[in-house]
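The values are calculated or read from the model by the stated rules, or taken from the named source; none is laboratory data. All values derive from a computational prediction rather than experimental measurement. Because the Cβ atoms are built from the backbone with ideal geometry, glycine has one as well, and the counts that use them run over all protein chains shown. Just so you know, the surface numbers come from the protein's heavy atoms only, side chains and all, with ligands and any DNA or RNA stripped out. Shrake-Rupley method; radii C 1.70, N 1.55, O 1.52, S 1.80 Å.
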Amino acid sequence: MSMKSLPNFWFEPHPWIDGQWQAGSETIEVRNPATGEKIAAVTRADAATVQRAIEGAVQAQGAWREASAVERGNVLKRTAALLLARKDEFARLLTAEQGKPYAQAVGEIEYAASFFQWFGEEARRVHGRIAAHPEAGREFYVEQRPAGVAGLITPWNFPIAQGAKKVAASLAAGCSAVWKPAELTPLIALATGPLLAEAGLPAGVLQIVPGRGSVVGNVLAEHPKVRVLSLTGSTATGSTLMAAGAPGIKRVSLELGGNAPFIVLPDADLDFTAEQLIRLKLFVSGQVCVTANRVFVHADVEQAFTEKLARKLQAARVGNGLADGIDAGPLIHRQACQEVGALVDQAVAQGARIAGQNRTYEGDSSLREGSFFPPTLLTRVRDEMAVACQEIFGPVIPLLSYTDVTDALRRANETPYGLAAYVYGRDLAQCHAVARGIEAGIVGVNEWRPLKAEIPFGGIKQSGIGVEGGEEGIREFLEIQVISMPKPVIRA
């Protein structure tokens, strides 16, 4: 079996502050979740280090704000080019610390680069307008201005893609930023520090501070110079951060948890739909906030669809993401396996049935210390089961039967979350009608991965506030200023 090696580090495992590596106060080990092997020891930023990073960002923001939009955009576009040129080494690093298969890691690097490219282009499209004044001889200048220092907090499941969305948008707007990567996957974030510097980003405009969420998050929320808090994480974390930033009236942008419905209409192409669903659920081993969490299948096609899913699930390969031909890797740690397993066990105890599992990783002795959970297909799942009410965050496919499309839509919306949803069927008018009825920020019709840099993405209800991507994404980091001016007159 061919195995890709871990690339040599081109960075130091310390906070990146003012364009230099500065050792933190304590050390945390980063391990490959597939094997348990230690990859690196990273030093964390303590509260004083985060304060210093914010102060540096404040100092750097003045000049960055005054740089031309074209100049800011060129830095971001050069970053995109550099990232694509080095995507193999970045992908191997990403797989080693996060666990996802190499092919998926390459896709994430390309996805991250698309945001640097997109916001590099959007930087020059930020503009104001002149509005009519009700009094003669006056006019309004309506201008968009950088909000200030942005605090960016990103998760471990897409550690560079989620960072790219926030970093690129904030820098394009003219903000400086302090980026806190996830404690479990700090390496890929630290690797981007020298890349941005090589692209021409001035020192201090982006600070990278790995550390404890309770430490870094609190400092970002409390510091008066941090004007925007942007988080991708759980709904509970988003609520906590929102409350912490409330005394300072921080602007918040939150992309939070989900419980996405996947509705299989009775006329759906079952082979195509099964293939798409397996891809979606094995993507990052189901550790994705927009993955299908509840699969509603019409009773007329339920048995045939279940059989197709079971065959496709068993044909997949689960193992070390650095090996060739792997479809799904490990979960992020052993505790995650226990939590997903508890949901499955509880569902089975309440009447659900395991219709298929994939344990192909068990034949590899090198993976015994890894955090693997078998991709599992569940039938006879009911709405009240925890596996249908909670975000699973694992490779479990719960099938829920329905007989009436209107009823399936009602059940799909009976959740406090509203992040993503999926509809599969041949009648596109029916698909469109169902999609419009779903309470979610984005709906994929016959498409398992609709997220792209060109379109806005954000949740509703308890799934978030604000959007990332599209022409709207940069607005999260801009404020409006209106200047009332006398109209210029020609002097005789």
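State all residues of region 18-43 that are open to solvent by 20 Å² or more (accessible area, probe 1.4 Å) and either within 20 Å of LEU220 (Cα to Cα) or aromatic (Phe, Trp, Tyr) (or both); if no residue qualifies, say none. Matches in region 18-43: ASP18, GLY19, TRP21, GLN22, ALA23, GLY24, SER25, GLU26.
Look at (1) free of Cβ contacts under 8 Å to residues at least 60 places away in the same chain; (2) under 13 Å from VAL396 (Cα atoms) and you find that LYS308 fails only one, number (2).
Looking across region 465-492, just one residue is in a loop (DSSP other than H, G, I, E, B), of a type in the set (Val, Ile, Thr) and under 30 Å from SER239 (Cα atoms), and that is VAL467.
Can you tell me how many residues within region 168-186 are part of a helix (DSSP H, G or I), touching a strand residue (DSSP E or B) at 6+ places or on another chain (Cβ under 6 Å) and of a type in the set (A, V, I, L, M, F, W, C)?
Filtering region 168-186 for residues part of a helix (DSSP H, G or I) gives 168-173.
Right, trim to touching a strand residue (DSSP E or B) at 6+ places or on another chain (Cβ under 6 Å) and you get 170, 173.
With of a type in the set (A, V, I, L, M, F, W, C) added as a condition, the list becomes 173.
So the count comes out to 1.
Counting only strands (runs of 3 or more DSSP E) that sit completely within region 109-165, those holding 2 or more residues that are open to solvent by less than 20 Å² (accessible area, probe 1.4 Å) and at pLDDT 95 or above correspond to 149-153.
Rundown of residues vs (1) modelled with pLDDT of 95 or more; (2) more than 27 Å from SER463 (Cα to Cα); (3) part of a strand (DSSP E or B), yes/no style:
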position	(1), (2), (3)
ILE354	yes, yes, yes
TYR361	yes, yes, no
GLY370	yes, yes, no
ILE397	yes, no, yes
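Here the condition is being among the hydrophobic types (A, V, I, L, M, F, W, C) and either in a helix (DSSP H, G or I) or within 22 Å of the chain's Cα centre (by Cα) (or both); of ALA48, ALA23, it holds for ALA48 alone.
The requirement of being open to solvent by 40 Å² or more (accessible area, probe 1.4 Å), in contact with a Lys or Arg (Cβ under 9 Å, 6 or more places away or on another chain), part of a strand (DSSP E or B) and among the hydroxyl-bearing types (Ser, Thr, Tyr) is fulfilled nowhere in region 93-108; no residue meets it. With respect to the conditions (1) out of contact with any Lys or Arg (no Cβ under 8 Å at 6 or more places or on another chain); (2) buried (at least 23 other Cβ atoms within 10 Å of the Cβ); (3) not in a strand (DSSP E or B); (4) not β-branched (Val, Ile, Thr), ALA274 lacks only one, and its number is (1).
Of all residues in region 442-464, none satisfies being over 24 Å from the mean Cα position of the chain (by Cα) and either in a helix (DSSP H, G or I) or at pLDDT 95 or above (or both). Please find, among LEU231, LEU309, the residue that is buried (at least 24 other Cβ atoms within 10 Å of the Cβ) and either assigned to a strand (DSSP E or B) or in contact with a Pro (Cβ under 9 Å, 6 or more places away or on another chain) (or both). Selected residue: LEU231, the only one of LEU231, LEU309 that is buried (at least 24 other Cβ atoms within 10 Å of the Cβ) and either assigned to a strand (DSSP E or B) or in contact with a Pro (Cβ under 9 Å, 6 or more places away or on another chain) (or both). Among the residues here, ALA63 does not qualify as farther than 20 Å from ALA323 by Cα, open to solvent by 30 Å² or more (accessible area, probe 1.4 Å) and touching a strand residue (DSSP E or B) at 6+ places or on another chain (Cβ under 6 Å).
Sort through GLY238, GLY258 and tell me the only one that's touching a Cys at 6+ places or on another chain (Cβ under 6 Å) and on the phi < 0 side of the Ramachandran plot.
After ruling out the rest, the residue left standing is GLY258.
Look at THR192 and say whether it is at pLDDT 95 or above, in a loop (DSSP other than H, G, I, E, B) and within 22 Å of GLU12 (Cβ to Cβ). Criteria not met by THR192. Test of understanding: among ALA53, ALA48, which residue is at pLDDT 95 or above, closer than 18 Å to TRP179 by Cα, of a type in the set (A, V, I, L, M, F, W, C) and surrounded by fewer than 17 Cβ atoms within 10 Å (Cβ to Cβ)? Every option except ALA48 fails the conditions. Counting the residues of region 453-492 that are more than 19 Å from VAL167 (Cβ to Cβ) and surrounded by 23 or more Cβ atoms within 10 Å (Cβ to Cβ) gives 2.
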